[in-house]
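K.L.:
Dropping the structure in here first, questions after.
Every read-out reported here was derived from the displayed coordinates using simple, explicitly stated rules and does not represent laboratory data. What you are looking at is a predicted structure, and each value in this text was computed from that prediction instead of being measured. Every residue, glycine among them, receives a Cβ derived from its backbone with ideal geometry; neighbour counts consider all protein chains shown.
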Amino acid sequence: MIRSQKLFRTAILVLAVAFLPSTFAGGHVLRTNPPDPNIRVSGFFSADKAQRGRTTQAAVVMEIPGGYHVNSNRPMSKYAIPTVLKIDGPSGIRIGPIAYPRARVRRLKASNNEPLAVFEGRAVMRFNVMVPATFQQGMTELRVRLRYQSCNDEVCFPPQTREISMPIGVVGTGDSVKRINGQIFRR
């Protein structure tokens, strides 16, 4: 009986330690097996095709569920991991600077009420894509890497890197293109 009580206490202690959060620098709490939020990452173009010799607008959109946020590209805490978007295209295609959305400043328990710059809800990161006049017609694609750290008001989750592909057809300068994704690219 005494041996089984010791085993039971040991098992309870092991389970308790396994589910305790641990703290890292900056006061954020990092759990080993957190239920990560389901953040959707998608890529969009402002036109159905890209014309050679012209610039096309593009965007990467994060859909962050309610109750969660990600650190902005310029977090206020030196310990917060920033959101960073990197885009690679085929040789010759030029990618313009990335315009990140305006961050919200929040004070959260997880950061000891220090101000944090965060993205919440829908975060749209815009950039221009210049296709040279000599670029071959046909399909091409951009390769996107988005690194971010998501948190809720109490804990931060391990940083993630998401990779997506953004395919688009390349047509001649005189070929017609149709504007699309008006909800992302308002004029």
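K.L.:
List every residue whose amide H lies under 5 Å from the amide H of I64, counting only residues 5 or more places away in sequence or on a different chain, with H placed 1.01 Å from N in the peptide plane.
P.N.:
For I64, the qualifying residues are G121, R122, A123.
K.L.:
Cross-link candidates for K109: which aspartates and glutamates have Cα within less than 18 Å, leaving aside residues fewer than 8 places away along the same chain?
P.N.:
The reachable aspartates and glutamates, counting only those whose Cα sits under 18 Å from K109, are E120, D153, E154.
K.L.:
Ok, one more. Leaving out same-chain residues fewer than 8 places away, which aspartates and glutamates sit with a Cα under 13 Å from that of K86?
P.N.:
E163
K.L.:
In percent, what relative contact order does region 43-112 have, based on Cα pairs under 8 Å that are 6 or more apart in sequence?
P.N.:
Details: 39 pairs, mean separation 12.1, N = 70.
Relative CO of region 43-112 lands at 17 percent.
K.L.:
Using +1 at the Cβ of each Lys and Arg and -1 at the Cβ of each Asp and Glu in region 36-130, identify which of G53, G121, Y79 lies farthest towards the dipole's positive end.
P.N.:
G53
K.L.:
Pulled fully out, how much extra length does the chain show between N112 and S91, if you take 0.36 nm times their separation in residues and subtract their Cα-Cα distance? Please list the in-between numbers first.
P.N.:
Numbers: separation 21, 0.36 × 21 = 7.56 nm, distance 4.63 nm.
Stretched fully, the N112-S91 segment lengthens by 2.9 nm.
K.L.:
Excluding residues on the same chain fewer than 8 positions from K49, give the aspartates and glutamates whose Cα lies under 13 Å from its Cα.
P.N.:
E141, D175
K.L.:
Going 7 Å from the Cα of R40 in the Cα-to-Cβ direction, what parts of region 144-187 have a backbone nitrogen less than 16 Å from that spot?
P.N.:
164-165, 181-185
K.L.:
Sort region 123-187 into rounded, prolate or oblate with this rule: let a ≥ b ≥ c be the square roots of the eigenvalues of the Cα gyration tensor; rounded if a/c is under 1.5, and if a/c is not under 1.5, prolate when a/b is larger than b/c, oblate otherwise. Walk me through the numbers before you get to the answer.
P.N.:
Numbers: a/c = 3.96, a/b = 2.14, b/c = 1.85.
Prolate shape, in that a/c is at least 1.5 and a/b is the bigger ratio.
K.L.:
Separation between the R186 and R54 pseudo-spin-labels, each 7 Å from Cα along Cα→Cβ, expressed in nm?
P.N.:
2.4
K.L.:
Given 20 °C and 1.002 mPa s, how large is the Stokes-Einstein diffusion coefficient of region 31-176 in µm²/s, with Rh as the Kirkwood radius over Cα pairs?
P.N.:
Working: Rh = 16.5 Å.
Translational diffusion coefficient: 130 µm²/s.
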